[in-house]
Amino acid sequence: MVRGSEPAEPPSAAYSADLEVLGIAIADRPGTETVHSLALAHEFARAFRGDFDAVLHLDCANGTLADMAGDLAWQLGLHLEGELGDNLEHLRLFCEARRFLIVLEGAAPDDLVFGGRCSTLVSTEAGEPSPDPLRQLTRAFDAAGDWTEACCLARQARRVAHECFRIAECFEIMTQWRAMAEENDDRPVVDEASRELVWILDGWGRGDEARKLEQTRAAEFDRQLPLFF
């Protein structure tokens, strides 16, 4: 087997045959392979990390595609402030130009399997939930059983999303929060989430949608005002 560099460490004897096959398929050249065992995927990444510019692990068993794209951008140090489609295209162009190994743990979203010089190893077995701070907040928000707690987590997630320039995820969280506020008949929170959504839509150049939502928000706000005669 010919590679650009030798494995960083001797491969584990327990996986030597499988590692040899994977090495030919995605270390010698760019490619995509799927395995069931997460342990095998981690062993490959450990043994062959010297063949790649960087090895990235991505939790694909939890959250939305926007969460996963934001997590990958966070690991790469990229600021992606656009809509999900634009962010995925930015990630594709960035990753395909580099010799990365991306380990997708728990699933294989087609939009996160890149070509070019990039190799992808998919483990159908899920790993630990992502340590990404924004994804941790999103998971906590989704699991919150108390409305006050959910509101606190939504505001924290919004702050972190802005700090990390991950606006697509903020849009998803604010949309979900607004719907939950409607269900809880919490008009101030509906207004707060709506204002954030209007700001995001304006920033994305979706002015017509922003104006429509702003008109709805203003009408709802007016209905909350007490009438004085």
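Could you list, in sequence order, all residues of the range 115-134 that are touching a Pro at 6+ places or on another chain (Cβ under 9 Å) and open to solvent by 10 Å² or more (accessible area, probe 1.4 Å)?
Gly115, Gly116, Arg117, listed by residue number.
Just the residues that are part of a helix (DSSP H, G or I) and open to solvent by less than 50 Å² (accessible area, probe 1.4 Å), please, taken from the range 40-56.
Leu40, Ala41, Glu43, Phe44, Ala45, Ala47, Gly50, Asp51
Looking at the range 61-85 only, could you name the residues that are out of contact with any Ser or Thr (no Cβ under 8 Å at 6 or more places or on another chain), open to solvent by less than 60 Å² (accessible area, probe 1.4 Å) and not small (Gly, Ala, Ser)?
Thr64, Leu65, Met68, Leu72, Leu76, Leu78, Leu80, Glu83, Leu84
Any residue in the range 61-78 that's within 16 Å of Leu137 (Cα to Cα): show its pairings with residues that are open to solvent by 40 Å² or more (accessible area, probe 1.4 Å) and of a type in the set (Phe, Trp, Tyr) at Cβ separation under 9 Å, as long as the two are six or more apart or on different chains.
The qualifying pairs are Ala66/Phe171.
Can you tell me which residue is farthest from Ala27 (Cα to Cα) among those in the range 83-101 that are over 13 Å from the mean Cα position of the chain (by Cα) and not in a helix (DSSP H, G or I)?
Ala97
The values are calculated or read from the model by the stated rules, or taken from the named source; none is laboratory data. All values reported here derive from a predicted model rather than from experimental measurement. Here the Cβ is made from the backbone with ideal geometry for all residues, glycine too, and neighbour counts use every protein chain on show. To get the accessible areas, we keep the full protein, side chains included, count just its heavy atoms, and leave off ligands, DNA and RNA. Shrake-Rupley method; radii C 1.70, N 1.55, O 1.52, S 1.80 Å.
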